[in-house]
Amino acid sequence: MFKVAAIGLAFMTTSAAINASEMEVLFTNKDMVQSGATYSYALETMNTINASVLEVDIRIQGEGDSVFQMLPACTEWQGSTCVGAAKDILHSEFLHEVDVSVECNGQALYQKTKNNIEFTNEEIVTTASQLAFVHSEIKLNRIECSDLNVNVRTVNGANDAIITGVVRFKDSTSIPTFKNYDVNL
């Protein structure tokens, strides 16, 4: 795994030294520092990045939280009034929620919370979950970045996760990685 990080770092260092307007940072959970439910990746670049396009693609595999309980439910309704007997029915809830942020020089460039959630009257068989944070935008005010920080925090679910990600800074969409780009200040 260290070879992949070293190759990514070598590519990034070469790119930063040659052209400070383009940089690609690849990382996994093994490259990140874990503290409880938060994984962090910090990088101080050799040169200040000065780009107008930001692309983020971070994928997380983890385990969600689940609750199983028997709850009473009405067996017969007349309008909005329960007239039947109450019967205990299995109620299951599943939740995996993750917050991702990408920051440059302490300023948030991208921050998003996503979740997988399920409510059912059946038993939930698996708590495995996958979340994808995919974002691309053109910044009208250029991004100047000398310190990059990526944080992945599990809000609900198991603390351990498998994370793969890439953050790209570019000056062009001529070879687009994504189909759609937001335009923001």
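Once both labels are positioned 7 Å from their Cα atoms along Cα-to-Cβ, the gap between I162 and L185 label points is 4.2 nm.
What the chain shows is 57 Å² of accessible area per residue, with the surface traced by a 1.4 Å probe over protein heavy atoms.
The range 88-161 and the range 30-59 have Cα centres lying 15 Å from one another. Residue ranking by accessible heavy-atom surface, 1.4 Å probe, largest first, among K139, K114, K179 comes out as K179, K114, K139. What a 1.4 Å probe finds exposed on the chain is 50% carbon and sulfur by accessible area, rounded to a whole percent.
A crude spin-label estimate for the pair E118 and Q34, with each label 7 Å from Cα along the Cβ direction, gives 2.4 nm. In the chain, the longest principal axis of the Cα atoms and the axis of helix 2-18 are about 50 degrees apart.
Listed by chain and number, the lysines placed with their C-alpha closer than 19 angstrom to that of K179 are K139, K170; residues fewer than eight positions away on the same chain are left out.
Using the Cα gyration tensor of the range 124-185, with a ≥ b ≥ c the square roots of its eigenvalues, what is the shape: rounded (a/c below 1.5), prolate (a/b larger than b/c) or oblate (neither)? Verdict is prolate for the range 124-185. Per the Kirkwood formula applied to alpha carbons, the chain shows a radius of gyration over Rh ratio, Rg over Rh, of 1.17.
Taking 0.36 nm per residue of sequence separation and removing the Cα-Cα distance, the V67/A128 pair yields an extension gain of 20.5 nm.
The values are calculated or read from the model by the stated rules, or taken from the named source; none is laboratory data. All of these numbers come straight from a predicted model, not from anything done at the bench. All Cβ positions, even for glycine, are placed from backbone atoms using ideal geometry, and neighbour counts span all protein chains on display. For the accessible areas, the whole protein counts, side chains as well, though only heavy atoms, and no ligand, DNA or RNA atoms are used. Shrake-Rupley method; radii C 1.70, N 1.55, O 1.52, S 1.80 Å.
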